[in-house]
Amino acid sequence: MTTMKHYLTLILLAIISTSFAQTDAEKAAETVNKNKIEGHIYFIADDLLKGRGTGTAENKIAASYLANALRSYGVKPNPETNSYYQTFNLLQTAPPSLLQVAMNGDNYPHIVAVKAKATALSGDAMYLGYGGEADYKGKDVKGKLIVVRGGTLASSEARAVYGAHKDKQALAIKNGAIGLVELTLLEEALWSRMSHFMGESVQIPDANEAENSENEFIHLWVNTTLEKLEALDKASLSYTIETDGKKEETLVTQNVVGVLEGTDPELKKEYIMYSAHYDHVGIGEPDATGDTIYNGARDNAIGTTAVLSMAENIGKYRTKRSAVFILFTGEEKGLLGSQYYVKHPIFPLKQIVYGFNTDGAGYNNTSLATVIGLSRTTAKKHIVEGAATFGLKAIDDPAPEQGLFDRSDNVSFASRGVPAPTYSTGFDAFDDEINKYYHQAGDEADSLDYDYLLKFYQGYVLSGRLIANDPETPFWVKGDKYEAAGNVLYGKVPSGPIKN
Ligand SMILES: [Zn+2]
């Protein structure tokens, strides 16, 4: 009897303590547990999802899983569509299969199509130095093909060629030319990297492009040698170009978006964004074991699960500020999902006062949470406390030379002024332990340390709660490179130098 009574008391206590968690730390500890984490990660990184490549059917299945997890936590859908999706098109392009260029009767076999529709052209071309503004002075280039040197007078390196090519194209179009050939003098290794880089690409389509006459404009890079360039008769230049054009395909993909209103009548007008990308690189080259599925457990089933954990927690215990949850697609194609969002915001950017992004290349130190941009916002104290409460030390970017801050979705927001670091699993250097899994087929769910991840998620959830409940709105620290953008976005008076 007494034993029974004692047992009932224990159960009652357990019920009370789970239903009435009081502090933010208790709330974080209560809703995040290992079984749920494993459930999410094992599904998201399952071979069946074939690496969640942007625009694939499996990418859509992953999105559905995330959307319905949000639904199950009571998170409200995207108010614009009443679904949990922000669906959009991407333009995927691949190089032409036929591409031939001859000048003064000589064939040039090393060609990259920057811009090319199917066409067969021939005639006289005009040589215009480096193709800068001054080179066009007094020249009538209407209807002509322009031939120029790649890069600028200062540098004709690959970087300079790439850096100048858009302006040159715009200038040639403005002056009425029908096409632009840039002659480059790159070493073979650099040229092949350049042409690989310009090979398959995915981008957000330019809304105006479709019905624009610029569409027919052809723009090529042609690699040659100094000898050949010097021998070219630039005063009398004829050409032929033939191509079947770049291959274009539309990919339909989606960000996953949900929202929970805050409890404070004033602070709820401000949103904290909890974000992570859920796409990965899909199917790729087989590794030593023959595995071709790039599961992306670390990158970024881990981050995706952080956002789900946050949503479940806030679904149960609201915060003072409102919460917006965004799972981005297209990150691996060049941060496209987050770029699309900032161009088409569902919740205005000026109401998003903080972006708490999570993404990661993996971990090599399970005593840490590595937060890219930790010291760059005034919320540092909350993130340090959040992680420390669950036994982790929050550290800032250990490899600033890698430019990680500007390589994940957080930068799409940060560059517009939203304070937005990226919370990542613990790493203190880019070493073999990171490289072993980073963008490798072996980045699988069963290779993860779930005891560590439990602390990692509880730390993330608590950090988020502390930020969302702080009466003080977080911002960039003084002098940060994105502080000025933040001042503009939120209409703040810049904290300029004090004058006596
Ligand atoms: Zn990632």
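The values are calculated or read from the model by the stated rules, or taken from the named source; none is laboratory data. Keep in mind that this is a model prediction, so the values were computed, not measured. Methodologically, a virtual Cβ is constructed for each residue, glycine included, from the backbone with ideal geometry; neighbour enumeration extends over all protein chains shown.
Enumerate the strands (runs of 3 or more DSSP E) found wholly within the stretch 29-116, keeping only those where 1 or more residues are farther than 22 Å from GLU200 by Cβ.
So the answer is 85-94, 99-103.
On the basis of being surrounded by 13 or more Cβ atoms within 10 Å (Cβ to Cβ), at negative phi and out of contact with any Ser or Thr (no Cβ under 7 Å at 6 or more places or on another chain), does LEU462 make the cut?
no
Looking at (1) modelled with pLDDT of 95 or more; (2) surrounded by 13 or more Cβ atoms within 10 Å (Cβ to Cβ), which is the only condition ASN35 fails?
(2)
Which residues, taken from the stretch 211-236, are surrounded by fewer than 17 Cβ atoms within 10 Å (Cβ to Cβ) and not in a loop (DSSP other than H, G, I, E, B)?
SER213, GLU214, ASN215, GLU216, LEU226, GLU227, LYS228, LEU229, GLU230, ALA231
Within the stretch 63-85, can you find the residues that are of a type in the set (Val, Ile, Thr) and at pLDDT 95 or above?
VAL75
Among the listed residues THR184, THR119, which satisfies the condition of being in contact with a strand residue (DSSP E or B) (Cβ under 9 Å, 6 or more places away or on another chain), surrounded by fewer than 17 Cβ atoms within 10 Å (Cβ to Cβ), touching a residue at least 24 places away in the same chain (Cβ under 8 Å) and of a type in the set (Val, Ile, Thr)?
THR119
Looking only at the stretch 137-165, count how many residues are part of a helix (DSSP H, G or I) and in contact with a helix residue (DSSP H, G or I) (Cβ under 7 Å, 6 or more places away or on another chain).
Total satisfying the criteria: 1.
From GLY296, GLY290, grab the single residue that is within 14 Å of the ligand (Cβ to nearest atom) and either more than 11 Å from the chain's Cα centre (by Cα) or not assigned by TED's automatic domain parsing to the domain that holds PHE427 (or both).
Result of the check over GLY296, GLY290: GLY296.
So which of ASN364, ASN313, ASN410 ends up being out of contact with any Leu (no Cβ under 8 Å at 6 or more places or on another chain), within 25 Å of GLU444 (Cα to Cα) and either buried (at least 23 other Cβ atoms within 10 Å of the Cβ) or of a type in the set (A, V, I, L, M) (or both)?
ASN410
Could you grab me the full set of residues in the stretch 270-283 that are over 15 Å from ASP46 (Cα atoms), within 16 Å of the ligand (Cβ to nearest atom) and touching a Ser or Thr at 6+ places or on another chain (Cβ under 6 Å)?
Hit for the stretch 270-283 is ALA276, nothing else.
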